[in-house]
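Everything below concerns the one structure shown next.
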Amino acid sequence: MFPALFYTKKDNKNVHCSLCPQSCTIAPGKAGICNVRKNQNGELFSLTYDEFTSINIDPIEKKPLYHFYPKSQILSVGTVGCNFKCGFCQNWEISQAKFGDIPTQKLTKDLALQLAKQHDSVGIAYTYNEPLINYEWILETAELFNKNGLKNVLVTNGYLNHKPWKDMLKFIDAANIDVKSFNENFYKSLCKGKLSFVLENVKTMVEMKKHVEITTLLIPGENDSSKEIEELTGWIAGLSEDIPLHFSRYYPQYHFDISPTDMSILVNAYNIARKKLKYVYLGNVTDSKYSQTTCPKCANILIERHGYNTKVLGLKNNTCAKCKEPVNIITAR
């Protein structure tokens, strides 16, 4: 266990965790909603510091990040727990687990750096489960990677309070943030969270000039209406029409047994979003044309993708090689 940040002591050895908007009051011997921040005799500790279920070298496109060092490899690490309770979670085996339910292995920040250098990784991705609840380890590791010229990537639900979020972003280079719906009722009933905090954190990243991509898992009948897609894409475009948006196909998982998202729903969302955003993608689908990056001006193919097989074709110095249009893609380390 490792001493946690962002909490206050209360009466009767209770503690109040202020890391995320769940704002848990935790009794002695208990953990917060995330299952990994535990009150031990009136002190709050992180159970997952140095403890990981998953350590892999992945294509950066798997995060998914399509505009951040395309075709590169990145050390990817995850542990257990989440501060949401989504009944449709695609990684529920680790995200909804309690610490100790499944095996973990030790990974110090120094060993992570060694692995990244050994495998010529562009940096490290904090991913698989919800990384933000392992805040202390990420904060220290991100600072170490930053000092060594390597990149820090979050794959996250973005559900953190403002101060810890800004403190962490000093060392973060890019994030793919799940905006699970553009409806507060969806967040309240299906995730046990609040949309407004996520939107504010996306906005903060943009203001701090960090690279941001957004993913929305489209669930039939829950968050796939044309009206909601128009509202979501309009909000993103209001921040920047250059932000890449990934619509991902839902498959039945965990407590949800709704049929997989029909391709027509995904294509409809794609067509709506392309009216306002320059870069829109469909994930978990077989048709590779929806994963190509094309020039927003002349439609020249800039990056061709077939699964995780990626070819950079029409880019030159972050512009379209054909028409010289500037493109929001980070390619040089």
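Pairs, please: C-beta under 9 Å, at least 6 apart or cross-chain, first residue part of a loop (DSSP other than H, G, I, E, B) and in the range 265-276, second of a type in the set (Ser, Thr, Tyr)?
Listed by first residue and then by second, the contacts come to Lys275/Thr233; Lys276/Thr233.
Hey, does the range 244-258 have a residue that's touching a strand residue (DSSP E or B) at 6+ places or on another chain (Cβ under 7 Å), within 30 Å of Phe171 (Cβ to Cβ), of a type in the set (A, V, I, L, M, F, W, C) and part of a helix (DSSP H, G or I)? Spell out the reasoning first.
Step one: filter the range 244-258 for residues touching a strand residue (DSSP E or B) at 6+ places or on another chain (Cβ under 7 Å), giving 244-250.
Now restrict to residues that are within 30 Å of Phe171 (Cβ to Cβ): 244-248.
Okay, now just the ones that are also of a type in the set (A, V, I, L, M, F, W, C), so 245, 247.
Those left that are additionally part of a helix (DSSP H, G or I): none.
No: the range 244-258 contains no residue that is touching a strand residue (DSSP E or B) at 6+ places or on another chain (Cβ under 7 Å), within 30 Å of Phe171 (Cβ to Cβ), of a type in the set (A, V, I, L, M, F, W, C) and part of a helix (DSSP H, G or I).
Could you figure out which of (1) part of a loop (DSSP other than H, G, I, E, B); (2) more than 30 Å from Asn223 (Cα to Cα) isn't true of Ala299?
Failed condition: (2).
Among Leu65, Leu19, which is closer than 25 Å to Lys166 by Cα, touching a residue at least 12 places away in the same chain (Cβ under 8 Å) and within 16 Å of the chain's Cα centre (by Cα)? Working first, answer last.
On the way: Leu19 fails: within 16 Å of the chain's Cα centre (by Cα).
Criteria check complete, one pass: Leu65.
Going through the range 269-280 one residue at a time, which ones are surrounded by 16 or more Cβ atoms within 10 Å (Cβ to Cβ) and closer than 22 Å to Lys322 by Cα? Break it down stepwise before answering.
To start, the set of residues in the range 269-280 that are surrounded by 16 or more Cβ atoms within 10 Å (Cβ to Cβ) comprises 269-270, 272-273, 276-280.
Correct list: Leu277, Lys278, Tyr279, Val280.
Just so you know, all these numbers are worked out from the coordinates, no wet-lab data involved. The model shown is predicted, which means the values in this text are computed figures rather than measured ones. Glycine gets a Cβ as well: all are built from the backbone with ideal geometry, and neighbour counts include every protein chain shown.
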